[in-house]
Amino acid sequence: MQVYGLVGNPVGHSLSPPMHEAAYEETGLDARYVTFEPARDDIAAAVDGADALGVSGLNVTIPFKQDVLELVDPDPLAERIGAVNTVDFGGETPTGYNTDAAGVTRSFERHGVELDGKDAVVVGAGGAGRAAAFALADAGASVHVANRTAETAVELAEAVPGATGGGLDTLDRIREADVLLNATSVGMESPDETPVSAEYLHGDLAVLDAVYTPLETRLLREAAAAGAVTIDGAWMLLLQGVEAFELWTGRDAPVEAMNAALR
Ligand code: SKM
């Protein structure tokens with residue numbers, strides 16, 4: 001039996017276990033997917049330990065995506081993004097990938113949203129925000145990153161082609177934008193919170209919320225009321241998971257079975 005898992009803190013809310021186990025069942029793989037919640041200081045020991053115990057692969061979530069970059073051999077995309085969300089222990093040394101980027105672009109693709117030439121605002125500059133900013137810029141969008149700590153957004157924007165960055169006072173850029181992506185955890189497990197005031201939302205926006213607990217966040221509810229196209233976080237979870245499954249197993253992922261496990 002092969003063991004895969006998710007390392008993060010917290011991980012109790014994660015739907016990765018049912019999603020990946022649905023894929024194993026559908027493809028007949030003898031594998032399990034489990035969650036691990038090490039303390040912040042123990043992440044290096046956790047990754048080494050997983051390797052030593054013969055774990056086949058790990059997903060990585062908040063707050064460890066940037067730490068894990070230093071603990072594995074990152075592929076060029078993960079290196080550029082500066083964050084790893086997928087580790088493959090199958091090779092000589094653990095390899096790090098970032099499948100959140102594909103999760104972002106494929107989510108918009110699936111909903112018929114064109115990114116090339118569009119203006120995008122990314123809220124948040126952590127691991128998910130970094131992946132989103134690079135993914136949207138690589139797809140041809142002009143990206144603005146707004147973050148609670150303006151400095152972090154400006155730093156990220158300097159690395160992303162054509163991007164700009166600022167504090168939360170720059171959220172009014174959304175009024176002129178085509179695409180909005182929430183890459184903060186605001187709204188997670190708290191249906192009354194939103195990272196973006198409803199006054200900025202409008203009918204020409206496509207909004208992706210990376211938060212998937214609940215599926216319908218306050219941001220998506222208010223975006224829908226404003227007439228925007230809304231894409232919930234289960235799409236991003238699904239499509240980053242599809243790519244991780246394919247990297248780990250070398251097989252095509254059973255996308256429909258994985259999607260059914262999320263809804
Ligand atoms: O990047 C993903 C990660 O692979 C899995 C995950 C989850 O299970 O909640 C969330 C994202 O960080």
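Summed over the range 190-226, residues that are aliphatic (A, V, I, L, M), in a loop (DSSP other than H, G, I, E, B), open to solvent by less than 50 Å² (accessible area, probe 1.4 Å) and in contact with a Gly (Cβ under 8 Å, 6 or more places away or on another chain) total 3. Scanning the range 227-240 for residues that are in a helix (DSSP H, G or I) and open to solvent by less than 30 Å² (accessible area, probe 1.4 Å) yields G233, A234, M236, L237, L238, L239, Q240. Cβ-Cβ distances below 9 Å connect the following pairs, each with a first residue in the range 46-72 that is under 18 Å from G241 (Cα atoms) and more than 13 Å from the ligand (Cβ to nearest atom), a second residue that is modelled with pLDDT of 95 or more and assigned to a helix (DSSP H, G or I), and a separation of six or more residues or different chains: V55/G49; S56/W248; S56/T249. Among the residues of the range 241-263, is any touching a Gly at 6+ places or on another chain (Cβ under 7 Å), more than 17 Å from A102 (Cα to Cα), more than 13 Å from the ligand (Cβ to nearest atom) and not in a helix (DSSP H, G or I)? No, that holds for no residue. Total residues in the range 13-39 satisfying the condition of being open to solvent by 10 Å² or more (accessible area, probe 1.4 Å), within 14 Å of the ligand (Cβ to nearest atom), in contact (Cβ under 8 Å) with a residue 24 or more places away in the chain and over 21 Å from A83 (Cβ atoms): the figure is 4. Residues that are assigned to a strand (DSSP E or B) and farther than 30 Å from G49 by Cα do not occur anywhere in the range 94-116.
The values are calculated or read from the model by the stated rules, or taken from the named source; none is laboratory data. Treat the numbers as computed from the prediction; the structure is a model and nothing was measured. Reconstructed Cβ throughout: ideal geometry from the backbone, glycine too, with neighbour counts over all protein chains shown. Ligands, DNA and RNA are stripped out before the accessible areas are found, and what is left, the full protein with its side chains, is counted by its heavy atoms. Shrake-Rupley method; radii C 1.70, N 1.55, O 1.52, S 1.80 Å.
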